[in-house]
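Q: Supplied in structure tokens, the structure appears directly below.
None of the figures in this text is laboratory data; all of them are computed from the coordinates on show. This structure is a prediction, so every number in the text was calculated from the model and none was measured. For neighbour counting, all protein chains shown are included, and Cβ atoms are generated from backbone atoms with ideal geometry for every residue, glycine included.
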Amino acid sequence: MGWLWAIIVGFVLGLLAKAIIPGKQHSPLWLITIFGIIGGIAGNALARAFGIEATPGIDWGRHALQVVAAVVVVGLGDMLYMAMRGSRQRA
């Protein structure tokens with residue numbers, strides 16, 4: 001079940017990040033989901049580093065770090081995707 005939750009959360013984080021980033025992202029949905037999963041993992045690692053890994057109630061700090069990390073990963077990943085896609089079209 002852990003993998004299923006990772007995919008669902010990654011999908012949601014990827015869509016949130018895509019909605020937050022201004023402009024159009026050209027990455028396909030499956031890649032946005034992978035970027036969201038990576039952002040979620042990075043956000044959890046940051047939360048652990050800041051000491052807000054497990055708090056009583058809803059972990060708002062951890063969720064905020066996950067969204068911020070997903071925005072960064074989706075933004076950078078989309079730029080890399082477009083760079084690779086553009087170089088492939090020129091060849």
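Q: By what distance, in whole Å, do the Cα atoms of the chain stretch along each of the three principal axes, largest value first?
A: 53, 26, 21
Q: Can you give the angle from 0 to 90° between the axis of helix 29-50 and the longest principal axis of the chain, with both taken from C-alpha atoms, to the nearest 10?
A: 40
Q: Still on this structure: If you add up the charges near D78, with Lys and Arg at +1 and Asp and Glu at -1, over every other residue whose beta carbon is less than 15 angstrom from its beta carbon, what do you get?
A: +3
Q: Here's something else I'd like to know. Explain nothing, just the number: dipole magnitude of the chain about its Cα centre with +1 on each Lys and Arg Cβ and -1 on each Asp and Glu Cβ, in debye rounded to the nearest 20.
A: Result for the chain is approximately 400 debye, rounded to the nearest 20.
Q: Also, quick follow-up: Roughly speaking, what is the stretch gain from A54 to V12, that is 0.36 nm per residue apart minus the C-alpha to C-alpha distance, in nm to one decimal?
A: Once the chain is fully extended between A54 and V12, it gains 13.0 nm.
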